[in-house]
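A short worksheet on the structure shown next.
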Amino acid sequence: MMRIELQDIGKKFNTEWIFRKVTFTFEENSTSAILGRNGSGKSTLLQVVAGNLQPSSGKVTYTRNGQSISSDDIFRQITMVAPYMELIEDFTLQEMLEFHFSFKQFLPGFDTATATEMLGFSNVNHKQIRQFSSGMKQRVKLILAILSDVPLLLLDEPTMNLDKAGIDWYLELIGNFSGKRTIIICSNLHQTESAFASKALQIEEFK
């Protein structure tokens, strides 16, 4: 479990502020949503939380089981799904699973075989990712993230490219395997992909 505190966080590119003075706490063992329109800064804030971008002002503090975690080490505690993160398309599904889980551990009781079964695909284990539809690729991204044994799960527009069956699959997956960890979901479809969040940060309140 992980607790993340944002203290007066701001981010600007050149002279333009994307958001300013964001103060918010993502509690341990909870699901929170970052909400706003397209282009409002949701993904930028999530990148700051992930440690991929440095804030222009303010401070991010990470605590796990009462112990402070350096921002330089936070990548070890995270898995992430986002439209701007690509799968390795030359890999087969089997190779993609093996590669990802050489860096992260599976949740207890899972392996590449059970992960493949949960995807709901048949006879694609040795097909290259480039042959997958956009919806299939999104399912792979979600399986890689959600079945990783980490305390912090970051989901940016997790239902992108999913049809109704895919959205139902995602909701069942996240419902069954959220576990005792902190989950942050960026969404402009709050009633669909993050309605179960217990807290919400409205990014457009921090302009």
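All of the numbers you see were taken from the coordinates with simple rules; none came from a lab. Here the structure is a predicted model, which means the values were calculated and not measured. In this analysis, Cβ positions are derived from the backbone assuming ideal geometry, glycine residues included, and neighbour counts consider all displayed protein chains.
The charge dipole of the chain, taken about the Cα centre with unit charges on the Cβ atoms of Lys, Arg (+1) and Asp, Glu (-1), comes to about 520 debye, rounded to the nearest 20. Within the same chain, lysines fewer than 8 places from K207 are excluded, and of the rest, those with a Cα less than 16 Å from its Cα are K11, K12, K21, K42. The local environment of P151, defined by Cβ-Cβ distances under 13 Å, has a net charge of +2 under the rule Lys, Arg +1 and Asp, Glu -1. In terms of other Cβ atoms within 10 Å, T182, T23, T92 run from fewest to most in the order T23, T92, T182.
Under the rule of -39500 (n - 2.57) per DSSP H run of 4 or more residues, summed and divided by the residues of the chain, what mean residue ellipticity at 222 nm is obtained, to the nearest 500 deg cm²/dmol?
Helices in the chain give a 222 nm mean residue ellipticity of -7500 deg cm²/dmol.
Each of D156, D149, D168, D72 was scored by other Cβ atoms within 10 Å of its Cβ. Arranged with the fewest first, they read D72, D168, D149, D156. In the neighborhood of I185, defined by Cβ-to-Cβ distances under 9 Å, what is the net charge if each Lys or Arg adds +1 and each Asp or Glu adds -1? Here the count lands on -3.
Evaluated at q = 0.18, 0.30 Å⁻¹, a Debye calculation over the C-alpha positions of the range 79-130 (equal weights, vacuum) places log10 I(q)/I(0) at -0.63, -1.31.
Shape of the range 149-207 from its Cα gyration tensor (a ≥ b ≥ c, root eigenvalues): rounded if a/c is under 1.5, otherwise prolate when a/b > b/c, or oblate?
oblate
The structure-derived value of Cα Rg over 2.2 N^0.38 Å appears in the list [x] 1.02; [y] 1.15; [z] 1.08 under the label [x]. With the simple model of a label 7 Å out from the Cα in the direction of the Cβ, E86 to L107 spans 2.9 nm. Across the chain, the relative contact order, built from alpha-carbon pairs under 8 Å that are at least six residues apart, equals 33 percent. Please work out the FRET efficiency for the pair T61 and N123, using the Cβ-Cβ distance as r and a Förster radius of 45 Å; give the result to the nearest 0.05. Efficiency at R0 = 45 Å is approximately 0.40. I'd like the antiparallel share, as a percent to the nearest 5, of DSSP beta bridges with both residues in the range 2-206. Around 50 percent antiparallel, to the nearest 5. Counting neighbouring Cβ atoms within 10 Å and putting the fewest first, the residues L162, L155, L107 line up as L107, L162, L155.
Residue-wise HN-Hα couplings along the range 56-61, as the Karplus relation 6.51 cos²θ - 1.76 cosθ + 1.60 with θ = phi - 60° gives them from phi, are 7, 8, x, 9, 10, 10 Hz; Gly and Pro carry x.
Near the amide H of K21, within less than 5 Å, lie the amide hydrogens of I9, G10, all on another chain or at least 5 residues away, with H placed in the peptide plane. Label positions at E205 and Q131, each projected 7 Å from the Cα along the C-beta direction, are separated by 4.9 nm.
Centre-to-centre separation between the Cα atoms of the range 95-115 and those of the range 40-56: 27 Å.
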